[in-house]
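K.L.:
Sharing a structure, written as structure tokens. Questions coming.
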Amino acid sequence: MTATGRSPAQEWCRRAERLAVLCGAGLSVASGVPTFRGPAGLWRQYRPEELASPTAFARDPLLVWQWYAQRQQAIARCRPNAGHRALAQALAAGRRLAVLTQNVDGLQQRACAAAGVEADDQIEELHGCLWRLRCTACGARRMLSTALQIDTPEDLPRCASCGGLERPAVVWFGEGLDQRLFERAIAAARASTVFIIAGTSGVVEPAASLARLCAGHVIEINPEPTPLSAIAEVSIRGGCEQFLPELFG
Ligand code: OAD
């Protein structure tokens with residue numbers, strides 16, 4: 001604790017000129033969204049290459065779409081938690097904060113909308129968003145407002161302009177990140193004076209390496225140690241839903 005009664009990490013966040021937060025699935029755990037690699041993680045139940053790859057989609061678009069539609073339906077029942085709200089409130093307060101999220105659930109955007117923040121230029125969805133569709137033929141994009149229900153091939157979503165098959169606008173295994181978006185994330189990480197690693201296992205590149213670009217204080221929030229713990233000046237062993245509000249309080 002410092003003389004103010006705040007922890008050093010709270011003081012760094014309070015004073016930081018520019019913050020960046022790298023978010024992972026752990027941020028949405030308190031909302032009821034499963035992680036990928038934990039004991040109940042999605043990649044324990046399913047093989048990623050059978051559901052989240054261009055090859056899988058080419059082989060069986062119905063299977064892949066049924067899985068994404070089920071995830072949309074489950075996430076539609078979830079609500080942003082105190083961790084999402086803390087970031088949304090910091091943006092609403094005008095903090096220079098870049099939210100670099102690997103999450104595709106859209107919960108951070110929902111928290112921002114609820115806080116009245118339009119922060120599209122401050123939230124980078126590094127791995128895309130499962131509420132956004134992209135036409136595999138002409139590339140046209142659209143946003144969904146409700147979850148899809150996919151039972152038969154006739155239910156597969158089709159592009160309104162060219163009739164092509166649409167896919168979820170998420171980054172799949174074997175695909176690269178959107179280059180312009182990733183360059184903006186690199187710039188935000190380099191410019192940050194405090195970088196928070198929030199709820200990620202830190203094993204998926206290139207997102208994980210963003211944390212290494214900050215020349216200032218690096219703080220990790222995660223109940224478990226990760227490969228990124230070694231570069232964090234402080235590792236807070238707990239949940240984002242508790243400690244993001246504490247850091248930004
Ligand atoms: P993981 O499932 O790999 O890791 C989730 C992390 O959250 C673990 O380190 C947990 O210890 C931690 N955790 C659990 N509960 C938490 C809580 N309440 N607060 C904070 N942390 C908590 O998920 P990601 O790191 O997000 O990629 O995975 C990275 C990428 O791998 C995902 O974006 C996805 C996946 O394959 C793509 O789909 C491209």
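The values are calculated or read from the model by the stated rules, or taken from the named source; none is laboratory data. The structure displayed is predicted, hence computed values, not measured ones. Because the Cβ atoms are built from the backbone with ideal geometry, glycine has one as well, and the counts that use them run over all protein chains shown. Surface accessibility is based on the protein's heavy atoms, side chains included, excluding ligands, DNA and RNA. Shrake-Rupley method; radii C 1.70, N 1.55, O 1.52, S 1.80 Å.
K.L.:
Need a quick list: strands (runs of 3 or more DSSP E) entirely within region 62-145 having at least 1 residues that are under 25 Å from GLY239 (Cβ atoms) and either hydrophobic (A, V, I, L, M, F, W, C) or open to solvent by 20 Å² or more (accessible area, probe 1.4 Å) (or both).
P.N.:
Passing ranges, in order: 97-101, 123-125, 128-135.
K.L.:
Tell me, which residue of region 13-34 that is away from the ligand (no atom under 16 Å from the Cβ), open to solvent by 50 Å² or more (accessible area, probe 1.4 Å) and in a helix (DSSP H, G or I) is nearest to ALA90 (Cα to Cα)?
P.N.:
Filtering first and then ranking leaves ARG14.
K.L.:
Continuing with this model, one more query. Could you look through region 35-53, keep only residues that are more than 8 Å from the ligand (Cβ to nearest atom) and over 18 Å from VAL171 (Cβ atoms), and pick out the one that is least open to solvent (accessible area, probe 1.4 Å)? Don't jump to the end; show me each part of the working.
P.N.:
Applying the first criterion (more than 8 Å from the ligand (Cβ to nearest atom)) to region 35-53 yields 39-40, 44-47, 49-51, 53.
Then drop every residue that is not over 18 Å from VAL171 (Cβ atoms), which leaves 39-40, 44-45.
Values: PRO39: 124, ALA40: 77, ARG44: 158, GLN45: 117 Å².
The qualifying residue least open to solvent (accessible area, probe 1.4 Å) is ALA40.
K.L.:
Just to verify a result, which residue in region 227-249, among those that are away from the ligand (no atom under 12 Å from the Cβ), assigned to a loop (DSSP other than H, G, I, E, B) and of a type in the set (Gly, Ala, Ser), is modelled with the highest pLDDT?
P.N.:
ALA232
K.L.:
Let me ask you something else. Name the pairs whose Cβ atoms lie under 8 Å apart, with the first residue in region 38-56 and more than 23 Å from PRO223 (Cβ to Cβ), the second among the hydroxyl-bearing types (Ser, Thr, Tyr) and in a helix (DSSP H, G or I), and 6 or more positions between them or separate chains?
P.N.:
From region 38-56, the pairs are GLU49/THR55.
K.L.:
When ILE219 is evaluated against the numbered criteria (1) buried (at least 16 other Cβ atoms within 10 Å of the Cβ); (2) of a type outside the set (Asp, Glu); (3) near the ligand (Cβ under 9 Å from one of its atoms), which criterion, by number, is the only one it fails?
P.N.:
With (1) buried (at least 16 other Cβ atoms within 10 Å of the Cβ); (2) of a type outside the set (Asp, Glu); (3) near the ligand (Cβ under 9 Å from one of its atoms) applied to ILE219, the lone miss is (3).
K.L.:
Of (1) more than 16 Å from the ligand (Cβ to nearest atom); (2) open to solvent by less than 20 Å² (accessible area, probe 1.4 Å); (3) not polar (S, T, N, Q); (4) not in a loop (DSSP other than H, G, I, E, B), ILE150 satisfies all except one. Which?
P.N.:
Here ILE150 meets the rest and fails (4).
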